[in-house]
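Quick one: the structure is below, and I'll ask about it shortly.
The values are calculated or read from the model by the stated rules, or taken from the named source; none is laboratory data. Note that the structure is a prediction, hence the values are computed from the model and not measured. In this analysis, Cβ positions are derived from the backbone assuming ideal geometry, glycine residues included, and neighbour counts consider all displayed protein chains.
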Amino acid sequence: MYLEDMKRVIWRVSPPLHRIVRGLFYLHRHGFAATKRRILQELTPDWRSYENWIALYDTLGPEDRRAIAADIARMPVRPLISVVMPVYNPPERFLIRALDTVRAQFYPDWELCIADDASTEPHVARVLERYAALDSRIKIVWRKENGHIAAASNSALALAGAEFVAMMDHDDELTPHALYRVAVEINRHPDLDLLYSDEDKIDEDGRRHDPFFKPDWDLDRLCGQNMVNHLAVYRRALIQEIGGFRGGYEGSQDYDLVLRAAERTKPSRIRHVPEILYHWRVFSGSSAFSTRHADTAIAAARRAVADHFSRRGIAVRIGPAPGANAYTRVEFPLPSPRPLVSLIVPTRDRVDLLRPCVEGLLHRTDWPELEVLIVDNGSEAAETLGYLDDIQRREEGRVRVLPHAGPFNYSAINNSAVRAARGSLIGLVNNDIGVISPDWLGEMVRHAVRPEVGAVGAKLYYGDGTLQHAGVVTGIQGVAGHIYSRLPREHPGDAGSLRLARNVSCITAACLVMRKAVFEEVGGLDAERLKVAFNDVDLCLRLRRAGYLIVWTPHAELYHLESASRGPDTAPDKVERFNAEIRTMKERWGGALTRDPCYNANLTLEDCGGGPAFPPRTEKPWRRGEPG
């Protein structure tokens, strides 16, 4: 009681002094990290900014440094890591900064392999010679003629003596624990062939911005953008096997390298470290080829992607991603002959929704090889029953009405319709879906027939044009949620993710296409314990467990009015059932709901809008498993 009286007296005497005392009490009760977060929240209107995220979670203090040093001393294996750096006329201060960040690494077992590509600026040789004299771990080869970045990188690679090589540009920065994190992963996964980390950009004044929090390995997304880029670490034997860097791909030579490397290894030997380990320098007057010759670099990137599919024997069509010329759209070939697709539409009355949905499927979809199975779950309205009779008669052979009596059970309804489907492909389609572009189904079929793909989802919009579905992330709001929901239609997403076909953990069954045989292989939807909610999430998780990919494509666009015919799951009479389905998902999937490999652990689960997580769900290995 005495302490409370003192606080009241202090508040009356001096509000600023009260805030100091309150802060001290908070520090005592919650600790330093929580207090720092609270202070930033109170002092910064936009407290969830990247700058605050850096201050709270990406700044190493003295305790971190001591713990990292102790962890290095405990390592069973201390692999040598060769840092490969081609150099050509970088500004002196940025070259010095790049060299300093290598020398400042906490992990000491490295060598820096530099190839000077016949630089013409006199400071380059002076700086490199001085640093080579300072540190015996720095090796330099002086090229007599400028051969551009691929040739220079190969010259630097020829100096490397380590089993693993890390790629670094001549004006960028490594974080001080970058090579330590690489060594940790090598110890944990000694068979790894390729490792990549998250990255951000750094301006000429040292300000960090534009983080790229990447997903785990995703070849579909990689074929749309170089999501590996920095920091990339390769097994040296793999680079030697594929012949190193290739000339003619200047500006995208790293992209070409990673695509060729991916073909010679397997996903289990590719590791992603969800931490910012690399700062990519961005400044006016940059000498980087990709900056000075952007169009040439983009053309080289598309050529690298085309080569990748040519080597795999897949006849794709390559072009710019709509709305993002720097990215690539890959159109997979359509099967020949075209397979029959059975589109399954559950309904109960609401002919005002059903009619435009079915008419769109039949007459505004550029895929004649389809049948529509309307599963009638007890419609009573005369207008609805009249329409069902009429559409089945008018579209004989293309439309079938399948009665399904009993309470609404989305899983059972669709399972029964799949058994009746004649198509080798099935599409689960809500009765409130509206067709926008006629090629939507063809785009989804292109992916659904790929042997490695289990299911395909579309880009869906609410009636007002905002995003309704761009993939489902596990862990949002406890179980799973739609990422980027309610963002504007043209929003690019984090690092362009909404412009690119990409792997996701789950998709909505409101518009889902997959092979009938795969649906049956994994047992269909759970009609016993997931009658209404999360049955699509559960299906996708079982598909992924069986080894299949889930692909979301932004090139199939439709409207979705979000279960308008049956009401929300939050209606009072549905809450008990909904809570039981939540319990089922948590019991069945446990930790899989908290670690979505397609969604970075540094991104928030508190809402659907993306952005940094406060706090992130990453592990800091030097803290022995404590959350970041």
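For the range 109-216, which fully contained helices (runs of 4 or more DSSP H) count at least 2 residues that are under 25 Å from the mean Cα position of the chain (by Cα)? Give the derivation first.
Working: elements: 122-134, 148-159, 178-188.
Helices (runs of 4 or more DSSP H) meeting the threshold: 178-188.
Suppose we keep only residues that are charged (D, E, K, R) and within 19 Å of PRO108 (Cβ to Cβ) within the range 120-160. Which one would you say is surrounded by the most Cβ atoms within 10 Å (Cβ to Cβ)?
Among residues in the range 120-160 that are charged (D, E, K, R) and within 19 Å of PRO108 (Cβ to Cβ), the one surrounded by the most Cβ atoms within 10 Å (Cβ to Cβ) is ARG137.
For the subset of the range 414-467 comprising residues that are over 20 Å from CYS540 (Cα atoms) and of a type in the set (Gly, Ala, Ser), which member is surrounded by the fewest Cβ atoms within 10 Å (Cβ to Cβ)?
Looking at the filtered set, the residue picked out is GLY465.
Let me spell it out: the conditions are (1) over 30 Å from GLU521 (Cβ atoms); (2) part of a helix (DSSP H, G or I), and LEU362 meets all of them except one. Which number is the exception?
Only one criterion is unmet by LEU362, namely (1).
Still on this model: What residue, among those in the range 482-532 that are under 25 Å from the mean Cα position of the chain (by Cα) and of a type in the set (Lys, Arg), is surrounded by the most Cβ atoms within 10 Å (Cβ to Cβ)?
That would be ARG502.
Could I ask something else about it? Quick test for you: out of GLY313, GLY319, pick the one residue that is surrounded by fewer than 14 Cβ atoms within 10 Å (Cβ to Cβ) and either touching a strand residue (DSSP E or B) at 6+ places or on another chain (Cβ under 6 Å) or at pLDDT below 95 (or both). Spell out the reasoning first.
On the way: GLY313 fails: either touching a strand residue (DSSP E or B) at 6+ places or on another chain (Cβ under 6 Å) or at pLDDT below 95 (or both).
Exactly one residue qualifies, and that residue is GLY319.
Sticking with this one: Please indicate, with yes or no, whether at least one residue in the range 353-364 is in contact with a strand residue (DSSP E or B) (Cβ under 7 Å, 6 or more places away or on another chain), within 26 Å of PHE519 (Cβ to Cβ) and surrounded by fewer than 16 Cβ atoms within 10 Å (Cβ to Cβ).
Yes - at least one qualifying residue is present in the range 353-364.
Residues in the range 245-252: is at least one within 30 Å of THR604 (Cβ to Cβ), in the same structural domain as ALA162 (by TED's automatic domain parsing) and buried (at least 16 other Cβ atoms within 10 Å of the Cβ)?
Checked the range 245-252: no residue is within 30 Å of THR604 (Cβ to Cβ), in the same structural domain as ALA162 (by TED's automatic domain parsing) and buried (at least 16 other Cβ atoms within 10 Å of the Cβ).
From the list LEU192, LEU238, LEU231, which one is in contact with an Asp or Glu (Cβ under 8 Å, 6 or more places away or on another chain) and buried (at least 21 other Cβ atoms within 10 Å of the Cβ)?
The conditions single out LEU231.
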